[in-house]
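*Asks:* Dropping the structure in here first, questions after.
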Amino acid sequence: MALDSVSFEMAEGAIVGLIGPNGAGKTTFFNCLSRLYAPDRGDILFEGRSVLDVTPHRIAELGIGRTFQSLALFGTMTVLQNVMVGVHSRSQSDVLSNALRLPWVSREERAIRRTAMELLAFLDLEAVAHDPAAGLSFGTLKRVELARALAGRPKLLLLDEPAGGLNHEEVAALGRLIRSIREERQVTVLLVEHHMNLVMQVSDRVVVLDFGRKIAEGSPAEVQRDPQVIRAYLGSEN
Amino acid sequence: MNSEISETVEAASAGEVAARVSAPPRVTPRAWEVAGLLALIAGACLLPFELSGFRLFQFTQVFVYAIALLGLNILTGYNGQISLGHGAFYGIGAYTAAIMIDRWGVPYGWTVPVAGVLCLVVGFLFGLPALRLEGLYLALATFALALSVPQILKHFDGWTGGSQGIVLSRPAAPLGLPLTADQWLYFLSLGVLLVLFMLGWNLLRGRTGRALVAIRDNPIAAEAMGVNAALYKSLAFGVSAAYTGVAGALSALAIAFVAPDTFNVFLSITFLVGIVIGGLASISGPIFGALFIQFVPNYAQDISKAAPWAIYGIFLIVFMYVMPYGVSGFLRLAWRRLTRATAGTRPK
C-alpha cells in the first residue's frame with residue numbers, strides 16, 4: 001500500500017506544498033488525482049464533484065492540469081506544437097471538420113496558436129518555439145511542460161517536482177514563476193517537491209507525508225517546527 | 001503564421017525563420033515549395049499524353065499505392081500503431097468495387113466512396129479491440145487480418161467468384177472526353193489522390209493530427225492534456241483503412257480484375273516498406289514510397305532475372321542506410337540546408 005487514509009483540503013487560489021521523504025507516496029497521490037491510478041477507498045472532490053467518476057482524458061477539461069516529474073513531452077513535436085496540444089481540452093474541432101478545414105476550424109487554429117504563443121512569451125520560450133522538444137536543455141523542457149499544462153487553462157495545477165534537476169538560480173526563478181502563475185492566472189497550485197527551500201518559500205500551506213500517511217499539515221513555519229516532521233526527515237534517534 | 005504548413009510533425013520552419021531574418025523582400029522558400037508543387041501537378045497532367053499503355057498504367061498504380069500508403073502512414077507513421085494487415089483493407093476496397101459493379105450493376109463512380117466508407121467502419125471496429133494491443137502484439141493481430149481476408153473472400157464465392165476472382169470491364173471516359181480508358185483512369189486516380197492528400201494534410205496539420213502524434217510520442221501525457229486516446233486511435237484505424245480501401249477500389253477499376261490471392265500478406269508488407277522508404281509521418285513520403293514499391297521490383301528484375309528479390313533487398317538496405325528518415329526526410333534536410341545557405345546563417 002503506497003497511501004493510507006491521506007486526507008486534506010485545498011482552498012481556491014492557494015499554493016499547497018506536498019512534501020515527504022523518498023517513497024512517502026507523493027507521486028502516487030498525484031497520480032490518483034490525475035486519474036492514472038485508482039484509489040481503493042475514499043474520494044477526491046474537485047469543486048464539490050468526484051474526480052474518480054471522470055475518465056483520465058476528461059480531467060483536463062474539468063480544470064486540472066499537471067506536469068510530470070520525469071519529463072513527458074512530445075519529443076518529435078516542436079515546442080510550439082507541444083503547447084498547442086495543451087489547448088486540446090479547450091478546443092472542439094473534430095476529424096471531419098479538420099479534414100475539410102472549415103472556416104471556423106481555421107479560426108480555432110489561430111486562437112490555439114495565439115494562446116500557445118502567449119504562454120511561450122510568458123515563460124520566455126519564444127526563441128525555441130520552432131525547435132523540436134527532444135534535444136532542448138532540461139530546464140527549458142521543464143518550462144515547456146509548464147506552458148503546456150497552463151495551455152489547458154487549469155484552475156488547479158499539479159506540479160510534480162518542478163525543481164528537480166534545476167540549478168540554484170533556476171529554482172529561485174521557478175519560485176517567482178509559481179507565485180506569478182497564481183497571482184496573474186488565478187490558479188490553485190499543488191506542489192510536490194523535494195526542494196525544501198522552494199516549498200517553504202512559495203507555499204501557503206504544507207502537507208507532509210511519510211510512509212503513505214499524513215503526519216503533519218500547516219503553514220511552512222508550523223510544519224518546520226513539527227517534531228514528527230523533523231523525525232521523518234532526520235530519522236528517529238531513540 | 002505559416003510554419004505548420006510543412007509536414008505536421010517536423011520542426012519545419014527553418015525556412016520561415018530564415019525568411020524573416022533576411023532583410024530585403026524576396027521569394028520565400030515557401031513560395032518555391034508551392035511553385036514546385038504546382039509544377040509537379042502540371043507535369044503529372046501532361047504525362048498521359050507522353051506515355052501510353054503499360055507505362056501509363058504503372059503511373060496510375062503509383063497514385064493508387066500512394067493513397068494506400070498515406071492511409072497506412074496516418075496509422076503507423078503519425079499515430080504509431082503498426083499494421084501488417086493493410087493489404088486486407090486494400091482487398092476489401094477492391095472487392096467492394098468489383099461486387100458492386102459486377103453483381104449489382106452499380107455505376108463504377110459510386111464504388112470508390114462506398115469502399116472508403118465501408119473500410120472506415122471496418123477499420124474503426126477493428127481498431128476498438130486493437131486498443132488493447134501495442135507494438136508486436138498489434139503487429140500479430142493485423143497479420144492475422146492479412147492472413148484471413150483472402151480466405152474469407154474465397155469462402156463467399158457466390159459474391160466474390162472464389163479463387164477465379166471477378167473480371168470487370170475498364171470504364172471509358174465520361175462526358176465524351178477525348179481520353180482513352182488508360183488516360184481516364186490515370187486522371188481519375190490523380191484526382192482522387194489530390195483530394196485525399198488535401199484532406200489528409202488538413203487533418204494532420206490541425207488539432208486531430210497533433211493529437212495523433214501526441215499519442216504516439218507520449219500516450220500518458222496526451223491523456224493528461226485531454227486527448228481521448230482510445231477514440232483517436234480507433235479513428236486513426238478507421239481513416240487509415242478508408243484511404244487504403246479507396247485505393248483498393250481504384251486498383252480494381254484500373255486492373256479490371258480482382259482475385260483473392262493478390263491481397264496477401266506480401267502486399268501488406270510491401271505497404272509497410274513503402275511508408276518506411278518514403279518517410280514515416282510525412283505527407284510526401286507516400287508518393288516516394290509508391291514510386292519505390294511500383295518501380296524498384298521491375299528494375300530488380302531487369303538487373304537479375306534469377307534473383308530479383310535479392311536485388312530488391314539490396315535496394316532496401318541501401319535506401320535505409322543512405323536515407324534513414326526516408327526519401328522525404330532526406331529531401332527535407334537537403335532543402336533546409338539549401339534555403340539556409342541562400343538566406344544566410346540562422347541566428348540561434
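*Asks:* Alpha carbon centre of the stretch B:33-85 versus the stretch A:211-228: separation in Å?
*Replies:* So the separation of the two Cα centres works out to 65 Å.
*Asks:* Any idea how far the Cα center of the stretch A:21-46 sits from the one of the stretch B:272-319, in Å?
*Replies:* Taking the Cα centre of the stretch B:272-319 as reference, the centre of the stretch A:21-46 is 51 Å away.
*Asks:* Let me ask another. Tilt of helix A:168-185 relative to the longest C-alpha principal axis of chain A, in degrees (0 to 90, nearest 10)?
*Replies:* 70
*Asks:* For chain B, find the longest principal axis of its Cα atoms and tell me its angle to the long axis of helix B:308-322, 0 to 90°, nearest 10.
*Replies:* Result, in degrees: 20.
*Asks:* Further question: Considering only DSSP beta bridges whose two residues both sit in chain A, what percent are antiparallel, to the nearest 5? Mind dumping the intermediate values first?
*Replies:* Numbers: 8 of 24 bridges.
Rounded to the nearest five, the antiparallel share is 35 percent.
*Asks:* Could I ask something else about it? Which residue, B:V322, B:V122, B:V114, has the most motion in a Gaussian network model of chain B that connects Cα atoms within less than 10 Å?
*Replies:* B:V322
*Asks:* Further, regarding this structure: Averaged across A:92-100, how many Cβ atoms of other chains sit within 10 Å of each residue's Cβ atom? Write down the numbers at each step before the final one.
*Replies:* Details: counts 1, 3, 5, 13, 4, 5, 11, 11, 4.
Counting Cβ atoms of other protein chains within 10 Å of each residue's Cβ and averaging gives 6.
*Asks:* Here is a further query. Determine, from the Cβ-Cβ distance of A:F211 and B:Y321 and an R0 of 51 Å, the FRET efficiency 1/(1 + (r/R0)^6), rounded to the nearest 0.05. It would help to have the intermediate numbers written out before the result.
*Replies:* On the way: r = 54 Å, r/R0 = 1.06.
Plugging the Cβ-Cβ distance into 1/(1 + (r/R0)^6) gives 0.40.
*Asks:* Separate question: Return the distance in nm (one decimal) between the two label points of a simple spin-label model at B:A334 and B:W159, each offset 7 Å from Cα along Cα→Cβ.
*Replies:* 4.7
*Asks:* Inside 10 Å of the C-beta atoms of A:29-38, what's the mean count of C-beta atoms belonging to other chains? List each step's numbers first, then the result.
*Replies:* On the way: counts 0, 0, 1, 0, 0, 3, 2, 3, 0, 0.
The per-residue average across the peptide is 1.
*Asks:* While we're on this one: How crowded by other chains is A:83-90, given as the mean number of beta carbons from other chains within 10 Å of each beta carbon? List each step's numbers first, then the result.
*Replies:* On the way: counts 1, 6, 13, 6, 4, 10, 4, 1.
That works out to 6 on average.
*Asks:* Expected output is a single nm value to one decimal: the length gained when fully extending between B:V167 and B:W32, i.e. 0.36 nm times separation in residues minus the C-alpha distance. What is it? The partial results should precede the final answer.
*Replies:* On the way: separation 135, 0.36 × 135 = 48.60 nm, distance 4.51 nm.
Between B:V167 and B:W32, full extension yields an extra 44.1 nm.
*Asks:* Sticking with this one: Which distance in nm do the two modelled labels at A:A121 and A:R58 give, with both placed 7 Å along the Cα-to-Cβ direction?
*Replies:* 3.6
*Asks:* Just to be sure I understand the model, the point goes 7 Å from the Cα along the line to the Cβ. What's the resulting A:E169 to A:L100 distance in nm?
*Replies:* Result for the modelled spin labels: 5.4 nm.
*Asks:* Can you give the helix-only mean residue ellipticity at 222 nm for the protein assembly as shown, where every DSSP H stretch with n ≥ 4 adds -39500 (n - 2.57) and the sum goes over all residues, rounded to the nearest 500 deg cm²/dmol? List each step's numbers first, then the result.
*Replies:* On the way: 25 runs with 344 residues, N = 586.
Rounded to the nearest 500, the figure is -19000 deg cm²/dmol.
*Asks:* Accessible area of the stretch A:96-192 with a 1.4 Å probe: how many percent of it is carbon plus sulfur?
*Replies:* Working: 2310 of 4150 Å².
Here it works out to 56 percent.
*Asks:* With no solvent and one equal point scatterer placed on each C-alpha of the protein assembly as shown, evaluate the Debye formula and give log10 I(q)/I(0) for q = 0.05, 0.06, 0.07, 0.08 Å⁻¹, two decimals.
*Replies:* -0.27, -0.39, -0.51, -0.64
*Asks:* For B:D302 and B:L125, what is the calculated FRET efficiency with R₀ set at 35 Å and r taken between the beta-carbons, to the nearest 0.05? Kindly include the intermediate steps, with their values, before the conclusion.
*Replies:* Numbers: r = 43 Å, r/R0 = 1.23.
That gives a FRET efficiency of 0.25.
*Asks:* I would also like to ask the following. In what order, largest first, do B:W32, B:W201, A:W104 sit by accessible area if the probe radius is 1.4 Å? Walk me through the numbers on the way to the answer.
*Replies:* Details: B:W32 155, B:W201 55, A:W104 95 Å².
Listed by decreasing accessible area, they come as B:W32, A:W104, B:W201.
*Asks:* Looking at the protein assembly as shown, send over the antiparallel percent of its DSSP beta bridges, to the nearest 5. Please report the intermediate quantities before stating the final value.
*Replies:* Working: 10 of 26 bridges.
That works out to approximately 40 percent antiparallel.
*Asks:* Right, next: Compare the peptides A:203-210, A:51-58 by average per-residue count of other Cβ atoms within 10 angstrom and give them in order, highest first. Please report the intermediate quantities before stating the final value.
*Replies:* On the way: A:203-210: 22.2, A:51-58: 15.4.
Going from most to least packed, we get A:203-210, A:51-58.
The values are calculated or read from the model by the stated rules, or taken from the named source; none is laboratory data. Since we're looking at a predicted model, the values are computed, not measured. Please note: Cβ atoms are built from the backbone with ideal geometry, for glycine as well, and neighbour counts cover all protein chains shown. Surface accessibility is based on the protein's heavy atoms, side chains included, excluding ligands, DNA and RNA. Shrake-Rupley method; radii C 1.70, N 1.55, O 1.52, S 1.80 Å.
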